[in-house]
Protein chains: 4
Amino acid sequence: MVGYAFMGAVHSQAWRTVGHAFDLPFDVRMAAIGGRDPVAVKEAADRHGWAAFETDWRELIARDDVSIVDVCTPGDTHAAIAIAALEAGKHVICEKPLANSVEEAAAMAAAATEAAARGVRSMVAFNYRRVPALAYARSLVESGRLGTLRHVRAAYQQDWLVDPSAPLTWRMQKERAGSGALGDIAAHIVDAAQFVVGDVLAGVSGTLETFVRSRPLSGGSGLSAASGGAGVGDVTVDDAAVFFGRFAGGGLATFEATRFATGRKNAMQLEIYGSSGGIRFDFERMNELLFFDGSLPDTENGYRRVLVTESDHPYLEAWWPPGHPLGYEHTFTHEFRDFLVAVSSGDDPSPSFADGLQVQKVLSAVSESAENGSGWVEV
Amino acid sequence: MVGYAFMGAVHSQAWRTVGHAFDLPFDVRMAAIGGRDPVAVKEAADRHGWAAFETDWRELIARDDVSIVDVCTPGDTHAAIAIAALEAGKHVICEKPLANSVEEAAAMAAAATEAAARGVRSMVAFNYRRVPALAYARSLVESGRLGTLRHVRAAYQQDWLVDPSAPLTWRMQKERAGSGALGDIAAHIVDAAQFVVGDVLAGVSGTLETFVRSRPLSGGSGLSAASGGAGVGDVTVDDAAVFFGRFAGGGLATFEATRFATGRKNAMQLEIYGSSGGIRFDFERMNELLFFDGSLPDTENGYRRVLVTESDHPYLEAWWPPGHPLGYEHTFTHEFRDFLVAVSSGDDPSPSFADGLQVQKVLSAVSESAENGSGWVEV
Amino acid sequence: MVGYAFMGAVHSQAWRTVGHAFDLPFDVRMAAIGGRDPVAVKEAADRHGWAAFETDWRELIARDDVSIVDVCTPGDTHAAIAIAALEAGKHVICEKPLANSVEEAAAMAAAATEAAARGVRSMVAFNYRRVPALAYARSLVESGRLGTLRHVRAAYQQDWLVDPSAPLTWRMQKERAGSGALGDIAAHIVDAAQFVVGDVLAGVSGTLETFVRSRPLSGGSGLSAASGGAGVGDVTVDDAAVFFGRFAGGGLATFEATRFATGRKNAMQLEIYGSSGGIRFDFERMNELLFFDGSLPDTENGYRRVLVTESDHPYLEAWWPPGHPLGYEHTFTHEFRDFLVAVSSGDDPSPSFADGLQVQKVLSAVSESAENGSGWVEV
Amino acid sequence: MVGYAFMGAVHSQAWRTVGHAFDLPFDVRMAAIGGRDPVAVKEAADRHGWAAFETDWRELIARDDVSIVDVCTPGDTHAAIAIAALEAGKHVICEKPLANSVEEAAAMAAAATEAAARGVRSMVAFNYRRVPALAYARSLVESGRLGTLRHVRAAYQQDWLVDPSAPLTWRMQKERAGSGALGDIAAHIVDAAQFVVGDVLAGVSGTLETFVRSRPLSGGSGLSAASGGAGVGDVTVDDAAVFFGRFAGGGLATFEATRFATGRKNAMQLEIYGSSGGIRFDFERMNELLFFDGSLPDTENGYRRVLVTESDHPYLEAWWPPGHPLGYEHTFTHEFRDFLVAVSSGDDPSPSFADGLQVQKVLSAVSESAENGSGWVEV
């Protein structure tokens, strides 16, 4: 695993757990973790249960005891690490967004295709696909329960930047993060919407906004610190992105992603309305799916609050009795389980780097629209 | 009152009630109701408690015992009736949208200004302003509790057209209704958002969609029937409208209005996020306002479900003890109360025809954007 | 109508409305209102739309233009007024609780039976039976959708006495009100539970509590004022009642009624669990019924939020399109509609005085249990 | 760890995690797991990450590499194992209910007191105390935010026995489980209520019910199988328990625990109302606490939905950013963390065996009341 900040911690927890929760085709050994700062990475290795550490990702990839590389670094380093790992014959899981540009993402997707021909697998880590409620939503749509798609209404609302004195981090710097809310959280709702609907966006119209244009520099030097030292630095990415689009097969979609929705903490929301049913989801209540089955009589109908904790629900065979909630980290455990099963069976894991590239194209189209008077841009 | 369909019924209920619920400067007498079909309008007069009826709106306006004209007809007739009434010295309440075009709306606004100089008053009936929860939300924003506006997220979701066999009515014909979801329900959320925020939209980008392009004709001849007799007729308006915009004073806004949100009945929703607080509202729970006060400590903070039924809340002095819900029709009772108080005091009622015109301009800009590749259109 | 305080206002609103909302067998004329204070009752007559007033209820009953007497006074006067009215051949609607004691209630029920033989009808005004959601819940239970009853969980939570400086009113004096939360609000949930379940309680065990034993006297002389003038007076009724019971046909039930549930305004709640389904209701969201249909597959099942605003729902034929909420006062409009229809058709209205007596017996059994170490008392 | 069924799995997950999530005074090594069936226990050891296994709990306790014994077996074996372990100088965590009788629980509490004098620690595993929302609720009450206690309204609703063909397991046999819903789930809400309130119940009145009195025997021989082989067996415990009580310091409390609340999966609910505030909680939404602060103005007040995922909330320093939910298993991780910290610091962990005994006395008083016409029983 490369990277040891927030994503590193949660990935580690999932790697520690996956082999105990699920019957896997492999034994999982947590061989080594990589990071540039030797003190910090050693501490992370101890804390998170990795047997060794490396300060150069090239060394990490080269290790004989590493057969899977899990890339948790900021987006500007994804392409180099992932492509090198694939070329070295290592299976790769890469955090989202796949890359900071369509060009890098395309190169990664090409490398993944080539690697797959050699039996080397790759996956982009859109973990929300592994929320049981959303995996179950996908199965409802796939089996036709919603009918023809009419509307997607998606939002990802956070509020951690509302305070203008919140410090600048790499997530607010274009050269590191590529974009702001767009790549960080809009990416999730675009992927989730496309995944559950089972179709891709054909075009979009959008706008971006940066409400607070400069922020204090923390002066720190850790992984999350911004470049630039002390004082005040410019926010060079978007605080919020809003856009609408149309699916290839028809159906309107709207998206809002923001770090300025005061009082909303991690409200990743998805509503899908079809000609014969609807679903609604909010990650803050991740164990619930609201489902409307249009085939029932009007008088007795309404959105059902399905607790997605039955043993027949996706991934739930590994967990607790009905009504006992799962948490955020389980999405990663499920992701790794699916990845390992795919590697073992020789299938291409999903979502592929090509799927990651497609999301990148949507985000790029939004940016292009935003720069051109919000006019329509085909994906 | 001119018109006696759904809006006629609810207006009548409010006229019957307003004088008993509130202390008014006038006695309310329900003089006469107008409609073209003599049998139907007589029945409506009896049912709804009007002392007389007329089959020609010109006769209605001309009556000496009529001092207020309440226009509840389809939008294509608003301008003619309202302008004539104002010229005849009658105070006018006109249902929304004010008119089917900016031109007509502008003429009405001009007539209203001229009439006001003569002490003749007018109001456009955006009744959602009189939902106590939204009137209270306005007071919270006005007193600065939300800080600087960041986001408005508005939607008006219904599902009465999901069934493709639902018959064509005048609401789906452009020549009568002007537009579909746009003028019927997007008008409400545009007005409500501008009202609560206290600012106007400066520009928009949008798209319109008609999912079901032809529908069976009912063959009926009532007020709600479509023109065209039996068989199948074309839907010539939008089923759904989605757009985003920016407020003059800053802040992003998104809007979705649809008759195809399966399972949502009358979900007129408004979320407003500012730099120091937020509010959320859904008309299906019209007695509740969710309010987030950002000044409280994070650990104990969250959206409060305020039951807007305290005696100090707007309009509640007339009603029941805390926790006893009000219903849809109360919004009209409140509207008429405010109108009568304004007429009595010589103030211009709010929202004025000029406010109605401003909403019309926003809707027109959305249409224009939709016809031009969703590019940005200034309002 | 006798009485003109809170209940008088809401009853008047319903009487004004019922003839316009529903097709009735009679024209409704609001003949006269009664009250002891001539100034206040005249003002109430004007405000609420009554043609005349009387200061002696005997005179009111004696009027030729009065054929229905609606009793809205405190409980200590119910028996005298209602029995006199029935004997005078007037149909009677009486507010709940039917009386302050089982003895009085029994006398009233006897008088009602005798009057019915003469075609004179009576009803006790348990208005919550006319909440469309609860009337619909009753129809679900009646048609077997819930199966065999297992549990009722009922609560009526208010908080208007949490503040110890809230003044003493007649509702806190035993000689006027009979009891506190028990007769005022526990009565409602006992009746509602029995109504929806379609069975009666066979026995109970309970306790009563008075948290604040003396309160300031307001010194006022109005209808709601306590007897005793200024200073401090004793609270001689219960602030809260909790009890459980068993239905005659099996099934456990628990009840909590309190004026001390801080932050709950009028949370009249009912949960019913049967062998094949469940329902949940909270009057603060009176337009919603949560319904669980146990016959659906576990994976897709959950409580549905049914908006009880469809035209096929009970009473909804008179009102607005789906999703447009009704309010508290509609329960009275529905009640009067049912009463008038029953009078016209020669049926006994429901709930009858005998039903009111049965509720009184339950409340009396709770009191008896509370006085005897909470031991079981058969009803 | 002794026991390897459902509780064994979730305890193992927590033991694997605690050392990585929290800074602990000890390294955690999962030495050995115990169970009677050698094949099954070996498989459990492998699956859950235990280094060794034993088929006799006496051998397990005797192992030198075991310093903590975690008892996850059915209640009839708790006393023997826990007392032996304490006598052997091992720290003990014991699942709830502490024992199947007050006598056994008292013996265990006595053994714990004696062991504590030797520095050997013990804790009863009421894991719901470690739900962050409930730990936070406790801190709100402790700091006086709720004022004087008025009401506790608690329920634990499940529905896994609604189907009469659900097989008999040891949980429905008195000799193994001691009681049914009473000891299994009422125990949790009694402890949680006493914990959050910070007081104990002084007396209770209650009733028990067994709705389905015989069930099919599965014929299996696993840990969860009932004794008795194939055919039909008697349910000898309660399906549901309802009772009310009074706290020593004043305040009414009601409790309902049932396995027959159709559609409720694991709805462990707690409402607490005090003179200056209130809280409400439902474990199905375990990351949320509803909090009402009575000191705010009525017009803007209401229950706040606090997402208990801020870094300052109890236990959250170890986990994810705000709005990222935790799950059921985290309650055990937190429990083990607190236990290890207490052992290290030489403090008595909480809840102690004495706390477990106190809960047992409440449950016993409920049973006694139920057998005696629901009359009041002092605890």
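The values are calculated or read from the model by the stated rules, or taken from the named source; none is laboratory data. All values reported here derive from a predicted model rather than from experimental measurement. No Cβ is skipped: glycine too gets one built from the backbone with ideal geometry, and neighbour counts run over all protein chains shown. Quick note on the areas: whole protein, heavy atoms, side chains included, nothing else; ligands and nucleic acids left out. Shrake-Rupley method; radii C 1.70, N 1.55, O 1.52, S 1.80 Å.
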**Request:** Any residue in region B:295-323 that's among the hydroxyl-bearing types (Ser, Thr, Tyr): show its pairings with residues that are surrounded by fewer than 16 Cβ atoms within 10 Å (Cβ to Cβ) at Cβ separation under 6 Å, as long as the two are six or more apart or on different chains.
**Result:** B:299/D:312; B:311/B:317
**Request:** Test residue A:152 against the stated conditions and say whether it is β-branched (Val, Ile, Thr) and within 13 Å of chain B (Cβ to nearest Cβ).
**Result:** yes
**Request:** Given the conditions (1) within 14 Å of chain D (Cβ to nearest Cβ); (2) open to solvent by less than 10 Å² (accessible area, probe 1.4 Å), report the number of the one that residue C:164 does not fulfil.
**Result:** (2)
**Prompt:** Could you give every pair whose Cβ atoms fall below 7 Å, whose first residue belongs to region A:1-27 and is more than 10 Å from every other protein chain (Cβ to nearest Cβ) and under 21 Å from residue A:40 (Cβ atoms), and whose second residue is of a type in the set (Phe, Trp, Tyr) and open to solvent by 30 Å² or more (accessible area, probe 1.4 Å), counting only separations of at least 6 or pairs across chains?
**Reply:** A:2/A:57
**Request:** Taking residue D:256 as meeting all but one of (1) open to solvent by less than 10 Å² (accessible area, probe 1.4 Å); (2) farther than 19 Å from residue D:304 by Cα, write down the number of the exception.
**Result:** (1)
**Fill in**
Counting only residues in region B:44-64 that are basic (Lys, Arg) and crowded, with 16+ Cβ neighbours inside 10 Å, the one farthest from the other protein chains (Cβ to nearest Cβ) is identified as B:63
**Request:** Collect the residues in region B:133-149 that are open to solvent by less than 10 Å² (accessible area, probe 1.4 Å) and closer than 18 Å to residue B:190 by Cα, keeping them in residue-number order.
**Result:** B:133, B:134, B:137
**Asked** With respect to the numbered conditions (1) within 27 Å of residue D:346 (Cβ to Cβ); (2) within 24 Å of the chain's Cα centre (by Cα); (3) not aliphatic (A, V, I, L, M), which one is the sole condition not fulfilled by residue D:8?
**Response** (1)
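Rundown of residues vs (1) modelled with pLDDT of 95 or more; (2) within 26 Å of residue A:324 (Cα to Cα); (3) among the small types (Gly, Ala, Ser); (4) open to solvent by less than 10 Å² (accessible area, probe 1.4 Å), yes/no style:
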{"residue": "D:204", "(1), (2), (3), (4)": "yes, no, no, yes"}
{"residue": "D:225", "(1), (2), (3), (4)": "no, yes, yes, no"}
{"residue": "D:232", "(1), (2), (3), (4)": "no, no, no, no"}
{"residue": "D:239", "(1), (2), (3), (4)": "yes, yes, no, yes"}
{"residue": "D:246", "(1), (2), (3), (4)": "yes, no, no, no"}
{"residue": "D:266", "(1), (2), (3), (4)": "yes, yes, no, yes"}
{"residue": "D:276", "(1), (2), (3), (4)": "yes, no, yes, no"}
**Prompt:** How many residues, within region A:80-112, are touching a strand residue (DSSP E or B) at 6+ places or on another chain (Cβ under 9 Å), open to solvent by 40 Å² or more (accessible area, probe 1.4 Å) and assigned to a helix (DSSP H, G or I)?
**Reply:** 0
**Prompt:** In region C:304-316, how many are within 9 Å of chain B (Cβ to nearest Cβ), of a type outside the set (Asp, Glu) and assigned to a loop (DSSP other than H, G, I, E, B)?
**Reply:** 1
**Only listed residue being within 14 Å of chain C (Cβ to nearest Cβ), in a helix (DSSP H, G or I) and either under 17 Å from the mean Cα position of the chain (by Cα) or of a type in the set (S, T, N, Q) (or both), chosen from D:134, D:140, D:182** = D:182
**Search result, residues across region B:252-299 that are among the acidic types (Asp, Glu), assigned to a strand (DSSP E or B) and more than 14 Å from chain C (Cβ to nearest Cβ)** = B:256, B:271, B:293
**Prompt:** Looking only at residues in region D:317-337 that are crowded, with 20+ Cβ neighbours inside 10 Å and outside any loop (DSSP other than H, G, I, E, B), which one is nearest to the other protein chains (Cβ to nearest Cβ)?
**Reply:** D:330
**Message:** Among the residues of region D:294-316, what is the count of those that are surrounded by 20 or more Cβ atoms within 10 Å (Cβ to Cβ), charged (D, E, K, R) and more than 18 Å from residue A:262 (Cβ to Cβ)?
**Reply:** 0
**Fill in**
Note on region D:3-30: residues open to solvent by 10 Å² or more (accessible area, probe 1.4 Å) and closer than 29 Å to residue D:171 by Cα are D:4, D:5, D:6, D:7, D:9, D:15, D:16, D:30
**Asked** Name the residues in region B:167-182 that are at negative phi and surrounded by 18 or more Cβ atoms within 10 Å (Cβ to Cβ), would you?
**Response** B:168, B:169, B:170, B:171, B:172, B:173, B:176, B:177, B:179, B:180, B:181, B:182
**Request:** Would you confirm whether any residue within region D:283-292 is more than 24 Å from the chain's Cα centre (by Cα) and either over 26 Å from residue D:153 (Cα atoms) or open to solvent by less than 20 Å² (accessible area, probe 1.4 Å) (or both)?
**Result:** yes
**Message:** Please determine whether any residue of region A:167-175 is part of a helix (DSSP H, G or I), of a type outside the set (A, V, I, L, M) and without any contact (Cβ under 8 Å) to a residue 60 or more places away in the chain.
**Reply:** no
